[in-house]
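K.L.:
Could you have a look at this structure, given as structure tokens, before my questions?
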Amino acid sequence: MAIEGADIVKAAAFLGAGISMGLGAIGPGVGEGMVAAKACEAIGKNPKEAGLLTRTMLVGQAVSESTGIYSLVVALLLLFVV
Amino acid sequence: MMDLDVQAWVKVAAFAGGGIAMGLGAVGAAIGEGYTAAQANLAVSRNPKISGDIFKNMLVGQAVAESASIFSLVVAILLLFLDKGNPTLLKAAALFGAGLSMGFGAIGSGVGSGFPGGQACLGISRQPAVSNKLTTNMLIGSAVCQTPAIFAMVVALMLLFMDFSNAPLHPTWAALVGAGLSTGLAAIGSGYGGGMAAGASCEGVARQPEAVGNVTTIMLVGQAVAQTPSIFGLLVSFILMFKTFPESMQLQSAMALLSAGLCTGLGGIGPGVGNGMAAEGAVRWVARNVTHAADLMRTMLVGQAVSQSTAIYAMVVSLVLIFVL
């Protein structure tokens, strides 16, 4: 089975896309879970501020999400552009 | 490499797969059971008078945590001794994939099941009167923790027993290895995360025995959501096993399928653990502040949904790799 240069480049790009999105998904998943756990703790301690705490949780999670979105962008670039 | 005949390659794959299945499969249960035993020791030192009850609960909890590695043992023995039928190189890939699926898939459930066991032992030392409730809650929680390992076993058994002889070797070999990796890796996070929620619920029941209904309910909801990444992994595995791929000698078609399995598998680890953390926080505080259980449930679900998003991105990238490219 003869492997051509263009084929091996594409193969590496596909594998790279999977690894990029796969590993890139780990951090935000864990980080956002921590945020949610602490938000539940805070609401348990001070239920009157539930609205404010949920809003803060969502803003924090959105920031933590950014690296996951970078991974998605890099994966899509590897799949369709490079 | 070419000197080895197909028969030898099938054996190589089966033996390597069997080693991986049992080797990785032993990691999780051992850690989980060690945690249970450590907490049981702590519990006995706090309340030596009921050491018999604690000891009994420890053994029951450890027995459930053991099941993940028993699945691994079964798959490893099948890989070693099963009659391989008519050997093809594709069969070799399927057997290796089965080993990967079961080996990785047992890690999370094994560790996770240890948490409810340990927390139930501590709870019994604190509240001996509710030891029955604690044992029941522990059993429910750790049984749900086993689900990802069961998914991994299902995929492993399908890879072992399905007939792939009509499919073209290239690129189907990569689809079968990818199918094993997808469910196996994704099960790590869900098993561990489900265990965190179950551990917090046992601690919560010991703290507020009258809140047991609310605590068990939110534990089950939290665990169910934490299970989602491993269901994504199972879905991608099924697509990789059941879809027929046109023959292609190009490396890129094989790598796209392998990468699809790897992507959903790795991508499921983080959201599984994260969802478990969110559920742990909510369960812990429902036990302490049961009047606001509804608020806590809502916040937990919103937080888990956001934490789930990266697993969904990973699944989307996998589906693009399988269907678009």
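The values are calculated or read from the model by the stated rules, or taken from the named source; none is laboratory data. Please read these numbers as outputs of a predicted model, since none were measured by experiment. In this analysis, Cβ positions are derived from the backbone assuming ideal geometry, glycine residues included, and neighbour counts consider all displayed protein chains.
K.L.:
Among the residues of the range B:13-50, which ones are buried (at least 16 other Cβ atoms within 10 Å of the Cβ), farther than 23 Å from B:ALA143 by Cα and among the small types (Gly, Ala, Ser)?
P.N.:
Result: B:ALA13, B:ALA14, B:ALA16, B:GLY17, B:GLY18.
K.L.:
Taking B:ILE231 as the residue in question, decide whether it is in contact with a helix residue (DSSP H, G or I) (Cβ under 8 Å, 6 or more places away or on another chain), under 26 Å from A:GLN61 (Cβ atoms) and either at the interface with chain A (Cβ under 9 Å from one of its Cβ atoms) or surrounded by fewer than 24 Cβ atoms within 10 Å (Cβ to Cβ) (or both). Break it down into steps so the answer makes sense when it comes.
P.N.:
On the way: in contact with a helix residue (DSSP H, G or I) (Cβ under 8 Å, 6 or more places away or on another chain): yes; under 26 Å from A:GLN61 (Cβ atoms): yes; either at the interface with chain A (Cβ under 9 Å from one of its Cβ atoms) or surrounded by fewer than 24 Cβ atoms within 10 Å (Cβ to Cβ) (or both): yes.
The answer is yes for B:ILE231.
K.L.:
Write out, first by first residue and then by second, each pair whose Cβ atoms fall under 8 Å of each other, whose residues are 6+ apart or on separate chains, and whose first residue, in the range B:209-220, is under 20 Å from B:ILE124 (Cβ atoms) while the second is not in a helix (DSSP H, G or I).
P.N.:
Pairs found: B:PRO209/B:GLN127; B:VAL215/B:GLN208.
K.L.:
Further question on the same structure: Here is a check on your reading of the model: is B:SER237 over 14 Å from the mean Cα position of the chain (by Cα), facing chain A (nearest Cβ under 7 Å), surrounded by 24 or more Cβ atoms within 10 Å (Cβ to Cβ) and farther than 13 Å from B:ALA198 by Cα? Before you say what the answer is, go through the steps one by one.
P.N.:
On the way: over 14 Å from the mean Cα position of the chain (by Cα): yes; facing chain A (nearest Cβ under 7 Å): no; surrounded by 24 or more Cβ atoms within 10 Å (Cβ to Cβ): yes; farther than 13 Å from B:ALA198 by Cα: yes.
Considered against the rule, which asks whether it is over 14 Å from the mean Cα position of the chain (by Cα), facing chain A (nearest Cβ under 7 Å), surrounded by 24 or more Cβ atoms within 10 Å (Cβ to Cβ) and farther than 13 Å from B:ALA198 by Cα, B:SER237 comes out as no.
K.L.:
For B:ALA282, indicate whether it is within 14 Å of B:GLY193 (Cβ to Cβ), surrounded by 24 or more Cβ atoms within 10 Å (Cβ to Cβ) and either more than 7 Å from chain A (Cβ to nearest Cβ) or in contact (Cβ under 8 Å) with a residue 40 or more places away in the chain (or both).
P.N.:
Numbers: within 14 Å of B:GLY193 (Cβ to Cβ): yes; surrounded by 24 or more Cβ atoms within 10 Å (Cβ to Cβ): yes; either more than 7 Å from chain A (Cβ to nearest Cβ) or in contact (Cβ under 8 Å) with a residue 40 or more places away in the chain (or both): yes.
When the stated conditions are applied, B:ALA282 passes them.
K.L.:
Please count how many residues of the range B:285-306 are at the interface with chain A (Cβ under 7 Å from one of its Cβ atoms) and in contact (Cβ under 8 Å) with a residue 40 or more places away in the chain. So that I can check it myself, show each step before the final result.
P.N.:
Step one: of the range B:285-306, the residues at the interface with chain A (Cβ under 7 Å from one of its Cβ atoms) are B:285, B:288-289, B:292, B:295-296, B:299-300, B:302-304, B:306.
Checking the rest, the ones that are also in contact (Cβ under 8 Å) with a residue 40 or more places away in the chain come to B:288, B:296, B:300, B:304.
Here the count works out to 4.
K.L.:
For A:ALA13, indicate whether it is buried (at least 16 other Cβ atoms within 10 Å of the Cβ) and either among the aliphatic types (A, V, I, L, M) or without any contact (Cβ under 8 Å) to a residue 24 or more places away in the chain (or both). Working first, answer last.
P.N.:
Values: buried (at least 16 other Cβ atoms within 10 Å of the Cβ): yes; either among the aliphatic types (A, V, I, L, M) or without any contact (Cβ under 8 Å) to a residue 24 or more places away in the chain (or both): yes.
Criteria met by A:ALA13.
K.L.:
Moving on to the next point. B:GLN304 - would you say it is in a helix (DSSP H, G or I) and at pLDDT below 95? Before the answer, list the steps.
P.N.:
On the way: in a helix (DSSP H, G or I): yes; at pLDDT below 95: no.
Against the criterion (in a helix (DSSP H, G or I) and at pLDDT below 95), B:GLN304 does not qualify.
Let's see how each residue does on (1) β-branched (Val, Ile, Thr); (2) farther than 14 Å from B:LEU157 by Cα:
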position	(1), (2)
B:ILE54	yes, yes
B:VAL60	yes, yes
B:ALA63	no, yes
B:GLY85	no, yes
B:ALA94	no, no
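K.L.:
Which residue out of A:GLY60, A:GLY5 is modelled with pLDDT under 95, surrounded by fewer than 22 Cβ atoms within 10 Å (Cβ to Cβ) and more than 8 Å from chain B (Cβ to nearest Cβ)?
P.N.:
Values: A:GLY60 fails: modelled with pLDDT under 95.
Within the list A:GLY60, A:GLY5, the selection yields A:GLY5.
K.L.:
Of the conditions (1) in a loop (DSSP other than H, G, I, E, B); (2) under 17 Å from B:GLY17 (Cα atoms), B:ASN86 clears all except one; give me its number.
P.N.:
(2)
K.L.:
Right, next: Please go through the range B:63-84 and pick out each residue that is over 15 Å from B:VAL12 (Cα atoms) and out of contact with any Gly (no Cβ under 6 Å at 6 or more places or on another chain). Please lay out each step first, then the result.
P.N.:
Looking only at the range B:63-84, we keep the residues that are over 15 Å from B:VAL12 (Cα atoms), and these are B:63-75.
Hits for the range B:63-84 are B:ALA63, B:VAL64, B:GLU66, B:SER67, B:ILE70, B:PHE71, B:LEU73, B:VAL74, B:VAL75.
Table: residues versus (1) of a type in the set (Phe, Trp, Tyr); (2) surrounded by fewer than 20 Cβ atoms within 10 Å (Cβ to Cβ); (3) at positive phi.
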site	(1), (2), (3)
B:LEU82	no, yes, no
B:ASN137	no, no, no
B:VAL144	no, no, no
B:PHE151	yes, no, no
B:VAL155	no, no, no
B:TRP173	yes, no, no
